[in-house]
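Q: For reference, the structure I am asking about is given below.
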Amino acid sequence: MPLERHVHREAAVRDPASSASASSGVHCLLVSRHTTSLGEGLITAGAQLVELDLSDNAFGPDGVRGFEALLKSSACFTLHELKLNNCGMGIGGGKILAAALTECHRKSSAQGKPLGLKVFVAGRNRLENDGATALAEAFGIIGTLEEVHMPQNGINHPGVTALAQAFAINPLLRVINLNDNTFTEKGAVAMAKTLKTLRQVEVINFGDCLVRSKGAVAMSEAVRGGLPKLKELNLSFCEIKRDAALAVAEAVADKSELEKLDLNGNTLGAEGCEQLQEVLDGFHMAKVLASLSDDEGEEEEEEEEEEEEEGEDEEEEEEEEEEAQQGQGEPSPTASRKILDPDSGEPAPVLPAPPPADVSTFLAFPSPEKLLRLGPKSPVLIAQQTDTSDPEKVVSAFLKVSSVFKDEATVRTAVQDAVDALMKKAFSSPSFNSNAFLTRLLVHMGLLKSEDKIKAIANLYGPLMALNHMVQQDYFPKALAPLLLAFMTKPNGALESCSFARHNLLQTLHKV
């Protein structure tokens with residue numbers, strides 16, 4: 001019996017796996033040669049489709065060409081939902097589909113009723129960048145999308161960027177699912193820029209999309225600056241490190257409708273997972289955090305261990321050179337070890353030992369090793385070397401000392417002791433202007449604008465950790481705490497890239 005006799009004027013065409021709905025529909029299992037017949041039958045029947053669901057039919061690009069005429073016809077002018085999940089369309093099918101949707105919009109607009117597509121589903125179709133970019137152009141023309149599901153399509157940052165630009169022209173978007181594509185930082189930053197402009201988004205699924213830490217920080221800024229209706233955010237398995245994950249957690253503080261935050265499968269480490277839970281606990285939002293059972297551990301730990309080992313090797317070599325040069329004519333414990341020239345086989349000339357570190361050298365070119373070589377008197381020496389009556393010079397010394405901060409116990413203690421000696425001397429002086437010091441410090445940290453063309457320091461981690469120590473000391477004027485707190489809570493990219501240090505400082509300031 002002809003297909004057209006079984007199609008109502010408003011119909012939803014579904015595949016056998018779909019659940020029944022209130023709309024009348026034709027159930028069909030298709031291969032490429034059947035899509036043409038399906039399209040012709042629906043057109044002949046004068047159908048006005050609301051939903052077309054051909055998911056899980058392996059018709060490929062030829063199949064898309066088969067129902068291309070249907071998509072361009074008046075039967076699809078009323079289409080609200082198009083579902084083509086797992087159909088093997090490929091790049092070619094994606095381009096054909098995009099062109100057909102564009103033509104449908106043009107024709108329907110000419111009749112005064114533009115295509116109002118709301119839901120688009122095309123996961124697992126190998127669309128890649130070219131297919132996604134073609135569809136993005138169509139999405140930008142349509143402008144009425146509310147849900148887009150395009151997971152597992154091999155889309156990289158060029159395709160993601162194209163989609164982001166199209167999403168910006170679809171202000172009604174509620175659900176964006178691009179799971180298991182490859183954003184990288186470029187795609188994530190582009191998508192975050194768009195998310196800032198969207199006000200209706202409820203669900204974001206970028207799991208397994210390799211947004212990495214920089215991308216996650218960009219996402220956190222988007223969340224902090226917008227997305228008032230956000231209910232679910234999935235950034236799982238994206239190679240996000242601890243500080244970036246904490247930035248995301250801090251960004252959801254005012255999202256009263258949030259139901260789920262998924263950061264599983266990233267590289268937070270055990271301590272980072274605990275801190276993440278503590279941050280959300282502080283907002284009374286612990287229940288929204290999904291399981292962290294698949295966390296990959298903190299990659300930085302291995303990198304830091306390797307750096308420390310390299311540093312220790314360098315220090316050992318320096319110590320050996322210093323021992324070899326102990327005074328002229330003095331016997332050395334290593335004198336019997338001759339260094340031979342690899343070319344001549346003769347003893348190589350002995351180079352002079354590096355001069356011992358002094359305060360001027362350290363302040364000119366700070367490093368943890370130089371600070372440690374200054375010895376136990378380094379705090380007093382640095383304080384004596386600094387004109388503590390001048391807030392600008394105190395800021396400079398504070399930033400240079402704090403810039404070498406490391407979590408390694410010996411370096412951390414040396415930095416804290418030097419900060420204590422310097423700042424205790426400064427704050428104890430009746431002529432020292434504490435407010436001017438804090439103002440200049442905020443300028444140099446890039447947290448406060450100034451008429452001076454001052455280049456902000458690149459990394460705030462050390463200064464934030466040093467400030468966290470300083471504000472807990474008796475010499476610190478407690479009257480400065482509210483001002484410092486105000487600037488620490490303002491949105492700032494440099495701060496958000498050091499979320500761990502910022503979070504610690506904020507906790508401390510709330511207690512001061």
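Q: What's the number of the condition Glu299 fails, among (1) crowded, with 17+ Cβ neighbours inside 10 Å; (2) modelled with pLDDT under 95; (3) among the acidic types (Asp, Glu)?
A: Unmet for Glu299, out of (1) crowded, with 17+ Cβ neighbours inside 10 Å; (2) modelled with pLDDT under 95; (3) among the acidic types (Asp, Glu): (1).
Q: Only residues in the stretch 403-430 that are in the same structural domain as Leu372 (by the TED database) and part of a loop (DSSP other than H, G, I, E, B) count as the first member; pair them with residues that are among the hydroxyl-bearing types (Ser, Thr, Tyr) and crowded, with 16+ Cβ neighbours inside 10 Å, Cβ under 8 angstrom, at least 6 apart or cross-chain, and list the lot.
A: Phe405/Tyr461; Ser429/Thr388
Q: Let me ask another. Return a yes/no flag: does the stretch 150-163 have any residue that is in the same structural domain as Ile96 (by the TED database) and out of contact with any helix residue (DSSP H, G or I) (no Cβ under 9 Å at 6 or more places or on another chain).
A: Yes, there is a match, as at least one residue in the stretch 150-163 is in the same structural domain as Ile96 (by the TED database) and out of contact with any helix residue (DSSP H, G or I) (no Cβ under 9 Å at 6 or more places or on another chain).
Q: Among the strands (runs of 3 or more DSSP E) confined wholly to the stretch 1-86, which include 3 or more residues that are modelled with pLDDT of 90 or more?
A: 48-53, 81-83
Q: What about Leu280, is it in a helix (DSSP H, G or I) and modelled with pLDDT of 90 or more?
A: Yes.
Q: Are any residues in the stretch 231-277 assigned to a helix (DSSP H, G or I) and of a type in the set (Val, Ile, Thr), and if so, which ones?
A: Val248
Q: Oh, and also: When you check Ala456 against the structure, is it outside any loop (DSSP other than H, G, I, E, B) and either in the same structural domain as Cys273 (by the TED database) or touching a residue at least 24 places away in the same chain (Cβ under 8 Å) (or both), yes or no?
A: Answer is no for this residue.
Q: Picking from Ser402, Ser428, Ser434, which residue would you name as being among the hydroxyl-bearing types (Ser, Thr, Tyr), at pLDDT 90 or above and more than 39 Å from the chain's Cα centre (by Cα)?
A: Ser428 is the lone residue from the list that is among the hydroxyl-bearing types (Ser, Thr, Tyr), at pLDDT 90 or above and more than 39 Å from the chain's Cα centre (by Cα).
Q: Filter the stretch 190-235 for residues that are closer than 19 Å to Asn156 by Cβ and either in contact with a Gly (Cβ under 6 Å, 6 or more places away or on another chain) or of a type in the set (Ser, Thr, Tyr) (or both) and give the result.
A: Thr194, Ser213 - these are the residues of the stretch 190-235 that are closer than 19 Å to Asn156 by Cβ and either in contact with a Gly (Cβ under 6 Å, 6 or more places away or on another chain) or of a type in the set (Ser, Thr, Tyr) (or both).
Q: Moving on to the next point. For the stretch 495-512, does any single residue satisfy the condition of being within 21 Å of Met423 (Cα to Cα) and outside any helix (DSSP H, G or I)?
A: yes
The values are calculated or read from the model by the stated rules, or taken from the named source; none is laboratory data. Owing to the predicted nature of the structure, the values given are computational and were not obtained by experimental measurement. All Cβ positions, even for glycine, are placed from backbone atoms using ideal geometry, and neighbour counts span all protein chains on display.
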